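Inspection log for the structure reproduced underneath, given as structure tokens.
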Amino acid sequence: MEIQTTRDWNRNWRRIVPLLWLIATAAMAPVTQAAEDPLILGIFPRNRATETTTMYTPLANYLSERLGRKVVLVTSKDFDAFWKAVTERRFDIVHYNQYHYIQSAQSYRVVAHNQEFGKNAVAGALFVRKDSGITEVSQLRGRTIIFGGGKDAMLSHIAPRFLLMQAGLKEGDYKTEFSVNPPNALLALYHKQADAAGGGDILIDLPVVKNAINTQDIRLLAATEPLLFLPWAVKRTMPAKLGESIQSILVDLGSSDAGKQVLKAALTTGIGKAGDRDYDPHRKMTTAVFGKEGIAK
């Protein structure tokens with residue numbers, strides 16, 4: 001049997017070490033590259049792409065600076081394009097409505113929520129004209145109700161539909177119309193184009209509404225419990241430490257002048273911490289309205 005000498009061992013080891021170094025370097029390369037990849041920030045298209053860019057570019061820049069890693073804002077031409085990107089998990093950070101989060105919670109983890117108009121939560125509501133003679137939700141049977149947004153609008157459609165169901169009214173018991181946005185639903189109600197309007201209970205206090213109609217002629221008919229505002233979520237595959245850093249940066253925006261400017265650009269009064277359980281009331285209403293799968297149809 002051949003006996004390997006110390007000299008032979010040293011000579012072989014000198015050959016092995018460079019090979020091991022090359023293998024380790026090759027294995028680490030994708031990890032290093034991945035760490036340098038930019039984070040993709042997706043914002044749901046409730047505004048035109050140009051407006052979204054103006055509103056959220058300051059946030060993308062602020063996150064980039066604080067994280068020490070590039071954050072790229074991506075806008076979508078329409079909701080279908082946005083939702084396709086969500087389902088394909090193309091966004092690392094995403095801002096959308098409560099219904100969207102519920103539908104994507106297996107892929108995304110909520111970390112924060114918007115504070116708008118100085119409030120963390122707003123109730124879904126039904127409004128009527130004071131001169132309508134309608135004092136109970138059940139009286140809306142056979143009437144026309146206009147909702148402020150699409151079928152996936154949490155405060156403007158799903159929550160008001162939940163109120164109707166609680167009063168024993170199912171879809172088909174009333175006529176349904178949709179406006180392009182929540183304020184327009186209240187304007188349509190005021191001009192007697194509908195018998196009731198669905199939207200957040202703060203609608204009646206918005207300047208855009210108060211400047212257009214006499215809100216003294218409108219009455220709140222019914223309201224749900226307060227529902228937490230629009231969520232911010234991160235991809236579930238994101239490292240926990242990075243997700244926590246993003247959450248901390250978002251929640252702390254109101255504590256500095258630079259952060260306050262970011263909030264101002266986004267037309268948001270603040271951002272608060274949120275977790276999945278905070279959206280259980282939204283799930284309850286969504287399931288009641290759309291059935292077990294909770295999907296808008």
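The values are calculated or read from the model by the stated rules, or taken from the named source; none is laboratory data. Keep in mind it's a predicted model, so treat the numbers as computed, not measured. Quick reminder, even Gly has a Cβ in these numbers, built from the backbone with ideal geometry, and neighbours come from all protein chains shown. Surface areas here come from the heavy atoms of the whole protein model, side chains and all, with no ligands, DNA or RNA. Shrake-Rupley method; radii C 1.70, N 1.55, O 1.52, S 1.80 Å.
Considering only Gly124, Thr215, Gly149, the residue lying farthest towards the positive end of the dipole of segment 117-250 is Gly149, judged by Cα position with unit charges set on Cβ.
What 222 nm value per residue comes from the helices of the chain, counting each DSSP H run with n ≥ 4 as -39,500 (n - 2.57) and dividing by all residues, nearest 500 deg cm²/dmol?
-12500 deg cm²/dmol
Let a ≥ b ≥ c be the square roots of the eigenvalues of the Cα gyration tensor of segment 181-297; is it rounded (a/c under 1.5), or, if not, prolate (a/b larger than b/c) or oblate? Here segment 181-297 falls in the oblate category. Farthest toward the positive end of the dipole of the chain, out of Tyr99, Ala233, Ile40, is the Cα of Ile40, where the dipole comes from beta carbon charges about the Cα centre. Accessible area per residue for segment 56-118, computed on protein heavy atoms with a 1.4 Å probe, is 44 Å². Taking GluC sites (Glu not before Pro) across segment 61-136, the ones in a DSSP loop with at most 11 further Cβ atoms lying within 10 angstrom of their Cβ are Glu88, Glu136.
Is any residue of segment 57-100 close enough, with backbone N under 17 Å, to a label point placed 7 angstrom from the Cα of Met165 along the Cα-Cβ axis, and if so, which? Within reach of a label on Met165, which here means backbone N under 17 Å from a point 7 Å along Cα→Cβ, segment 57-100 contributes 98-100.
Listed by chain and number, the lysines whose alpha-carbon sits under 17 Å from that of Lys273, ignoring those within fewer than 8 places in the same chain, are Lys119, Lys235, Lys241, Lys260.
Rolling a 1.4 Å probe over the heavy atoms of the protein chains gives segment 160-216 an accessible area of 50 Å² per residue. Remark: segment 134-281 carries a charge dipole of roughly 240 debye about the Cα centre, counting +1 on each Lys and Arg Cβ and -1 on each Asp and Glu Cβ. Magnitude of the charge dipole for segment 196-267, about its Cα centre and with charges confined to Cβ atoms of Lys, Arg (+1) and Asp, Glu (-1), is about 280 debye.
Rounded to the nearest 20 debye, the dipole magnitude of the chain is 440 debye, with +1 charges on Lys and Arg beta carbons, -1 on Asp and Glu beta carbons, and the Cα centre as origin.
Of the solvent-accessible surface of the chain, computed with a 1.4 Å probe and all protein chains present, 53% belongs to carbon and sulfur.
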